[in-house]
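One structure below.
The values are calculated or read from the model by the stated rules, or taken from the named source; none is laboratory data. Predicted model only: the values in this text are computed from it and were never measured. When we count neighbours, we look across all protein chains shown, and the Cβ atoms used for this are built from the backbone with ideal geometry, even at glycine.
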Amino acid sequence: MPAISRLQPEQLEIWTAQAINRSLSGQMPAYIPLLVQADRQKFAVQIRAIDGGFLGLGNADQIFPLMSVVKPFVLLYLLCELGEIAVFEKVGWEPSELPFNSLTQLQIDQGQPRNPMINSGAIALASLIPGENAVIRCQNLFHWLNQQAESELFVDELMLDSVKANPNQNNGNLALEMVKSGVIQDAEIALATYNRVCCLSGTVEDLAKLGMLLVNRGDRTISEHGRTVKALMATCGLYEASGRFAVRVGLPTKSGVSGAVLSVIPGQGAIACYSPPLDKEGNSVGGLFLLEQIAKSLRLSVFE
Ligand code: GLN
């Protein structure tokens, strides 16, 4: 039985209550109007194990946008579709030391995105997704994901309107800088695709199912590239907090500004959380707290 299946529902309930409490110290992201309006107290978690078992708690029906949690899956899709050479021609694989949307970081790196888990890297990868426009590119991605993971992701058009209504100057500047450096050709389609894929939405169940793509060993191509994706999640997934989290928790993890967070327990399962308030690095306060409790008590760190 995978260690993750030993988790007791009563224990999960206690940690979840503590996580909700802690999350209240976090901040809501100010720059996407619909995200600021999210209910701070919402909390959902689902844990799925490789033996088919799962355990969930909280607002199971709550739909939320993946935001940056989609980044590992854009990477996985492109590795499977285009291969490693095409992908790592566009993005690096080293951790970044500045915030996820930092233009300075991109400029330090001469316009080459440091890794696929920060905005510049994901915008560069969005420009590689096959399809003649942003709608088709996003569709190609999520149809593939839904088929592989048996998830039910869809584009939340209201969220996308909200993202577009408040054009993110930061991301625009990142795209222009990458046009200058020759990493992307067309800033407009890259950004439109990026914004759309960030608005792919679902429940913690959908997110945990996506996580299982990086656990199951069924498909050889996915499992081959899954190793790369997990390594980059572990080293870059939580931005400037990635090193600290690797020491404390030791699981490949990716967060999003919506409060979504996903950890993969290689060979065992996946844990998906949703709790909107964020810490200063832009990671879910309650989500990271809960992951730490679970990983420590079950000794799930990949470095054990
Ligand atoms: N769409 C968001 C942005 O570009 C995603 C960032 C995130 O989730 N950290 O800012």
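Summary of values
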item	result
Verdict on Gln107 being of a type in the set (S, T, N, Q) and over 28 Å from Gly243 (Cα atoms)	no
Region 232-277, subset part of a loop (DSSP other than H, G, I, E, B), among the hydrophobic types (A, V, I, L, M, F, W, C) and away from the ligand (no atom under 16 Å from the Cβ), residue nearest to Gly202 (Cα to Cα)	Leu251
Tally of residues being more than 16 Å from the ligand (Cβ to nearest atom) and either assigned to a helix (DSSP H, G or I) or among the small types (Gly, Ala, Ser) (or both) across region 190-231	20
Region 153-172: number of residues that are surrounded by 15 or more Cβ atoms within 10 Å (Cβ to Cβ), in a helix (DSSP H, G or I) and away from the ligand (no atom under 12 Å from the Cβ)	0
Residue list for region 178-189, restricted to those being surrounded by 19 or more Cβ atoms within 10 Å (Cβ to Cβ), away from the ligand (no atom under 15 Å from the Cβ) and part of a helix (DSSP H, G or I)	Ile189
Contacts under 6 angstrom Cβ, first residue in region 258-274 being farther than 11 Å from Leu291 by Cα, partner part of a strand (DSSP E or B) and hydrophobic (A, V, I, L, M, F, W, C), 6 or more apart	Ser258/Phe64; Ala260/Phe64; Gly269/Ala49; Tyr274/Ala44; Tyr274/Phe64; Tyr274/Ala260
Boolean, Gly52 is surrounded by fewer than 19 Cβ atoms within 10 Å (Cβ to Cβ), at pLDDT 95 or above and more than 16 Å from the ligand (Cβ to nearest atom)	no
Residue list for region 86-103, restricted to those being within 16 Å of the ligand (Cβ to nearest atom) and outside any loop (DSSP other than H, G, I, E, B)	Leu103
